[in-house]
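Undergrad: One structure is given below, represented as structure tokens, and several questions about it will come after.
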Amino acid sequence: MSYEYLVEAEDVTKEYVLGSMRIRALEGVDLEIRRGEYVSIMGPSGSGKTTLFNMIGAIDKPMRGKIYVDGVDITKLDAFELAWLRCRKIGYIFQTFSLIPVLTAAENVALPAIFAGHSQREATMKAIELLTLVGLRDRLNHKPPDLSGGQQQRVAIARALINDPQIVLADEPTGNLDLRTGRAIISVLRTINEERSVTVVTATHDLKMMGVSDRIVYLRDGRIERQETVADIELRRTAD
């Protein structure tokens, strides 16, 4: 383990049983993610992107292997310890937004902070600050059905940041958005990464992510096929 790395995955293997079938979703994955890095995990459907995302985010556990988050092997944590980790160290952004429709934007963002023990006043003030950061100062009291897809995703980003996580995990964050809105969301994520030093990991099909990522990890059939930096891609384009 090294302080340089916020996430370290060692020999991570995951298998699912569907009826009489056994499906190997991950096969001996080794991955290190530096503090403050922006990493995009890419690959075709069924390659293991979401499974690896869920392992890093402590949403699921591997069948074999270890995953360290900030030096702690999360595969050994009990349910209470995992809940604490998810609440305070990891922020989640999902393709489907996962907002509570009867709550306002500010209430949706504040809720995880209240669960973490902050007062409603503190949580609300922080929610307003974050919604302002993502450009929604004039939508604080709007409920999700009254917001566009892009606005809902910005609310989800603000919610992911409410407890000052060390890492934000975004699963297909632009998957339900049009091209222009998707670019705007990618820009917001990169700004948060650069200005707040938050480590960002995305599981995505979106090639636009390549331009803002520090590193791209390509998965195929549950294995890391290759990794490359933006500099590697630019060198290859120049050579071509």
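The values are calculated or read from the model by the stated rules, or taken from the named source; none is laboratory data. Only a predicted model underlies this, so the values are computations on that prediction, with no experimental measurement involved. Neighbour counts are summed over all protein chains in view; Cβ atoms, including those assigned to glycine, are modelled from backbone coordinates with ideal geometry. For the accessible areas, the whole protein counts, side chains as well, though only heavy atoms, and no ligand, DNA or RNA atoms are used. Shrake-Rupley method; radii C 1.70, N 1.55, O 1.52, S 1.80 Å.
Undergrad: Give the dimensionless ratio obtained when the Cα radius of gyration of segment 108-159 is divided by 2.2 N^0.38 Å.
TA: Expressed relative to 2.2 N^0.38 Å, the Cα Rg reads 1.06.
Undergrad: If you average the sequence gap of Cα pairs under 8 Å that are 6 or more apart and divide by the length of the chain, what percent do you get for the contact order?
TA: That works out to 27 percent.
Undergrad: Give me the accessible area per residue for the chain, probe 1.4 Å, as a whole number in Å².
TA: 49
Undergrad: On to the next question. DSSP loop (so not H, G, I, E, B), at most 12 other Cβ within 10 Å: list which chymotrypsin sites (Phe, Trp or Tyr not before Pro) in segment 1-32 pass both filters.
TA: Passing both the DSSP loop test and the Cβ count: Tyr3.
Undergrad: Based only on Cα atoms, what Rg/Rh ratio does segment 38-104 have, Rh being taken as Kirkwood's radius?
TA: Rg/Rh for segment 38-104 comes to 1.01.
Undergrad: Quick one: work out the % antiparallel among DSSP beta bridges in the chain, nearest 5.
TA: Counting DSSP beta bridges with both partners in the chain, the antiparallel share is about 55 percent.
Undergrad: Could you give the semi-axes, largest first, of the ellipsoid that matches segment 125-204, computed as the square roots of 5 times the alpha carbon gyration tensor eigenvalues and rounded to whole Å?
TA: After scaling each eigenvalue by five and taking roots: 18, 17, 10 Å.
Undergrad: Where a ≥ b ≥ c are the square roots of the eigenvalues of the C-alpha gyration tensor, would you call segment 44-172 rounded, which needs a/c under 1.5, or, failing that, prolate if a/b is larger than b/c, or oblate?
TA: oblate
Undergrad: Just round it to a whole percent: the fraction of Cα-Cα distances in segment 1-55 exceeding 15 Å.
TA: For segment 1-55, the share of Cα pairs beyond 15 Å comes to 55 percent.
Undergrad: Still on this structure: Cα to Cα, under 22 Å, and not fewer than 8 places away if on the same chain: which lysines meet these conditions relative to Lys76?
TA: List returned: Lys14, Lys61, Lys66, Lys89.
Undergrad: Taking a label point 7 Å from the Cα of Glu81 along the Cα→Cβ vector, which residues of segment 1-23 have an amide N closer than 18 Å to it?
TA: It comes to 1-2, 7-10, nothing else.
Undergrad: Taking loop as defined by DSSP and a crowding limit of 14 other beta carbons within 10 Å, which GluC sites (Glu not before Pro) in segment 1-81 fit?
TA: Glu4
Undergrad: Per 0.36 nm of contour for each residue apart, how much would the distance between Asp221 and Ala116 grow if the chain were fully extended, relative to their Cα-Cα spacing?
TA: 34.0 nm
Undergrad: Give the peptides 168-177, 39-48 in descending order of average Cβ contacts within 10 Å, highest first.
TA: Descending packing order for the listed peptides: 168-177, 39-48.
Undergrad: Add -39500 (n - 2.57) for each DSSP H run of 4 or more in the chain, then divide by its residues: what number comes out at 222 nm, to the nearest 500 deg cm²/dmol?
TA: -11000 deg cm²/dmol
Undergrad: Sticking with this structure for a sec: At q = 0.07, 0.08, 0.18 Å⁻¹, what base-10 log of I(q)/I(0) does the Debye formula yield for segment 5-239 when every alpha carbon is treated as an equal point scatterer in vacuo?
TA: The Debye formula, applied to the Cα set alone, gives -0.23, -0.30, -1.38.
Undergrad: Roughly to the nearest percent, how much of the accessible area of segment 5-239 is carbon and sulfur, given a 1.4 Å probe?
TA: The computed percentage sits at 51.
Undergrad: Pick out which of Ile23, Ile157, Ile93 has the largest mean-square fluctuation in a Gaussian network model of the chain, springs linking Cα atoms closer than 10 Å.
TA: Maximum among the listed residues: Ile23.
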